[in-house]
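The values are calculated or read from the model by the stated rules, or taken from the named source; none is laboratory data. As the structure is a prediction and not an experimental result, all values here were calculated from the model. All Cβ positions, even for glycine, are placed from backbone atoms using ideal geometry, and neighbour counts span all protein chains on display.
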Amino acid sequence: MTKPLIGMPTDGDPSLRSFKDYIDDAVAQAVIKAGGIPVMIPPFNETKLAKKYVERIDAVMFLGGPDIDPTLFGEEPIEKLTDTSMVKDKFEIEVAKQAYKAGKAMFGICRGIQIISLALGGTMYQDWPSQGPKAFVKHHQDAPIFFTPLTTLKLRRGRT
């Protein structure tokens, strides 16, 4: 049985020489543990490449990342909006549209579910805590990044 290829659009980090694309290692490891093979999909200005990627992968996992440019859903930016990437936004929305047309499975984490929603005609808030009625979300957790269920379990065992 062949393992499914899970396309994962990348985040980017500008360096002195170029733009570095990456995916979160913990998420990639989770895909591997679940039996898939993570495939990095860097965003391009050429949205027609989105269809080519979708043809070759079995599913798409849209990850978290920067805010989505609100002009893509007909709004002007508000003060609480942080960094955006129009190239990433347009490319990922096109990947989602192509995946939907092709009947491919899609999964979204944070920004990822927003991308899927926008691609399929949904709406969203630019900043839910300031725009949503009675909104509350604890987006960032307090535990250090190196804490995983395994390390937490080891720490608990060591204390008892």
message: If a residue must be closer than 15 Å to PRO4 by Cβ and free of Cβ contacts under 8 Å to residues at least 12 places away in the same chain, how many such residues does the stretch 22-50 contain?
response: 4
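Could you list, in sequence order, the residues of the stretch 42-65 that are in a loop (DSSP other than H, G, I, E, B) and either among the charged types (D, E, K, R) or out of contact with any strand residue (DSSP E or B) (no Cβ under 9 Å at 6 or more places or on another chain) (or both)? Please lay out each step first, then the result.
Taking the stretch 42-65 as the starting set, the residues that turn out to be in a loop (DSSP other than H, G, I, E, B) are 42-47, 57-58, 63-65.
Selection gives PHE44, ASN45, GLU46, THR47, ASP58.
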message: If ASP127 meets every condition in (1) under 14 Å from the mean Cα position of the chain (by Cα); (2) closer than 17 Å to PRO66 by Cα apart from one, which number is that one?
response: (1)
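A quick yes/no check of all residues on (1) touching a Gly at 6+ places or on another chain (Cβ under 7 Å); (2) closer than 15 Å to THR10 by Cα:
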site	(1), (2)
ALA30	no, no
PRO43	no, yes
LYS48	no, no
TYR53	yes, yes
ARG56	no, no
ASP67	no, yes
PRO70	no, no
GLU75	no, no
- request: Select, from GLN98, GLN114, GLN126, the only residue that is part of a loop (DSSP other than H, G, I, E, B), surrounded by 17 or more Cβ atoms within 10 Å (Cβ to Cβ) and at pLDDT 70 or above.
  value: GLN126
- request: Evaluate the following for VAL54: is it in contact (Cβ under 8 Å) with a residue 60 or more places away in the chain, among the β-branched types (Val, Ile, Thr) and either farther than 19 Å from ILE109 by Cα or surrounded by 14 or more Cβ atoms within 10 Å (Cβ to Cβ) (or both)?
  value: no
query: Taking the stretch 1-43 as the region of interest, how many residues are surrounded by 13 or more Cβ atoms within 10 Å (Cβ to Cβ), at pLDDT below 90 and aliphatic (A, V, I, L, M)?
result: 1
Considering residues of the stretch 101-111 that are modelled with pLDDT under 95 and part of a loop (DSSP other than H, G, I, E, B) only, the residue farthest from LYS51 (Cα to Cα): CYS110
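For the structure I just gave you, tell me whether THR71 is at pLDDT 90 or above and of a type in the set (S, T, N, Q).
Yes.
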- prompt: What is the one condition in (1) within 15 Å of the chain's Cα centre (by Cα); (2) buried (at least 16 other Cβ atoms within 10 Å of the Cβ); (3) farther than 19 Å from GLY7 by Cα that MET86 does not satisfy?
  reply: (2)
- line: The condition from (1) closer than 23 Å to GLY122 by Cβ; (2) assigned to a loop (DSSP other than H, G, I, E, B) that THR71 misses is numbered (2)
